[in-house]
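Participant: Please see the structure below; I have some questions.
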Amino acid sequence: MSSALFVVSEEGYWAEECIEPLTTLESEGVDVTVATPSGSPPVVDERSLEPDAAGGEERVAELREVDEEHPELNDPAPVATVDAADYDAVVFPGGHGTVWDVNQDRHARQLLLDAVAGDESVALVVCHAVGILAFTREADGTPLVEGRSVTGFPNEWEDGIVDDEDVMPDGRKLPYWVEDEVRLAGAEWDADLDADTSVTVDGDLITARGPGSSAAAATTLLDEL
């Protein structure tokens, strides 16, 4: 049986980006473990459970049920206690919350580094979690993402969410824009804005643009496994 570790934000994960891959993998027999920075249950971004964002009231109910009742989501491990070598895949769901916790967590970055470096493992990074690539370094200081092809949450979309001072609708100040930081780290960035979905595979690193690419990302990960 294949296994996957999901590293999920306590500051606000996007429901579709976590739950779609999680349930898809489980339906194919993949054993899923969830970890968060402190080991507290992850917090869903309520904006992702609005009917317009989720795809209707029925889908909202499905997503909320998983968020509230999934045993792993409600009893995660601290990221410092898990090892990428124990899993076939490490998955980083997105959501704005990742910019405040997962992307800045040194243990989460090490999990990503180990998953991509391992001979038998692969990493999937989605949406705002792609920002972790800007802060993950090889032992010699080289950015993990340097020269790699990636997609992720684009500036064009961010511009429609924050105000002129980078303040989000909930009042939090966004500390950085994902596309800017990942480009500065040397990535070959293409969010493929003309396409309905955007998933990029570069070796053992899979990246996905946003919520609408979650299903394609899950399928791609299954293919890689």
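The values are calculated or read from the model by the stated rules, or taken from the named source; none is laboratory data. Quantities reported herein were computed from a predicted structural model and do not represent experimental measurements. Virtual Cβ from ideal backbone geometry, glycine too; neighbours counted across all protein chains shown. Heads up: the accessible areas ignore ligands, DNA and RNA and are worked out on the full protein's heavy atoms, side chains in. Shrake-Rupley method; radii C 1.70, N 1.55, O 1.52, S 1.80 Å.
Participant: Hey, Val44 hits all of (1) open to solvent by less than 50 Å² (accessible area, probe 1.4 Å); (2) touching a Ser or Thr at 6+ places or on another chain (Cβ under 8 Å) but one; which does it fall short on?
Facilitator: Val44 satisfies every listed condition except (2).
Participant: Got a number for residues in the range 20-43 being under 26 Å from Pro175 (Cβ atoms) and touching a residue at least 40 places away in the same chain (Cβ under 8 Å)?
Facilitator: Within the range 20-43, the subset under 26 Å from Pro175 (Cβ atoms) is 21, 34-43.
Next, only the ones that are touching a residue at least 40 places away in the same chain (Cβ under 8 Å) stay: 21, 34-39, 43.
So the answer is 8.
Participant: Considering the range 51-64 alone, what residues qualify as being buried (at least 17 other Cβ atoms within 10 Å of the Cβ) and within 16 Å of Glu26 (Cα to Cα)?
Facilitator: Leu63, the sole residue that qualifies.
Participant: Give the range 38-91 a look and list any residue that's touching a strand residue (DSSP E or B) at 6+ places or on another chain (Cβ under 7 Å), in a helix (DSSP H, G or I) and farther than 24 Å from Asp204 by Cβ, or say none.
Facilitator: Asp67
Participant: If you don't mind, another one. Counting only residues that are over 19 Å from Phe135 (Cβ atoms) and not aliphatic (A, V, I, L, M), which one in the range 173-199 is most open to solvent (accessible area, probe 1.4 Å)? Outline the logic, then answer.
Facilitator: We begin by selecting, within the range 173-199, every residue over 19 Å from Phe135 (Cβ atoms); these are 190-199.
The next check asks that each one be not aliphatic (A, V, I, L, M); those that pass are 190, 192, 194, 196-198.
Numbers: Asp190: 94, Asp192: 66, Asp194: 157, Asp196: 140, Thr197: 62, Ser198: 6 Å².
The residue in question is Asp194.
Participant: I've got another one for you. Go through the range 24-41 and give me each residue that's open to solvent by 50 Å² or more (accessible area, probe 1.4 Å) and of a type outside the set (Asp, Glu).
Facilitator: Ser27, Ser38, Ser40, Pro41
Participant: Mind checking whether some residue in the range 13-23 is closer than 15 Å to Cys127 by Cα, open to solvent by 20 Å² or more (accessible area, probe 1.4 Å) and part of a loop (DSSP other than H, G, I, E, B)?
Facilitator: Within the range 13-23, one or more residues are closer than 15 Å to Cys127 by Cα, open to solvent by 20 Å² or more (accessible area, probe 1.4 Å) and part of a loop (DSSP other than H, G, I, E, B).
Participant: Go through the range 201-216 and count every residue that is closer than 20 Å to Gly118 by Cα and open to solvent by less than 30 Å² (accessible area, probe 1.4 Å).
Facilitator: 3
Participant: For the range 65-112, which positions are over 20 Å from Gly210 (Cβ atoms), buried (at least 22 other Cβ atoms within 10 Å of the Cβ) and hydroxyl-bearing (Ser, Thr, Tyr)?
Facilitator: Passing the criteria: only Tyr87.
Participant: Just name the residue that is most open to solvent (accessible area, probe 1.4 Å) out of those in the range 138-165 that are free of Cβ contacts under 8 Å to residues at least 24 places away in the same chain and of a type in the set (D, E, K, R).
Facilitator: The qualifying residue most open to solvent (accessible area, probe 1.4 Å) is Asp164.
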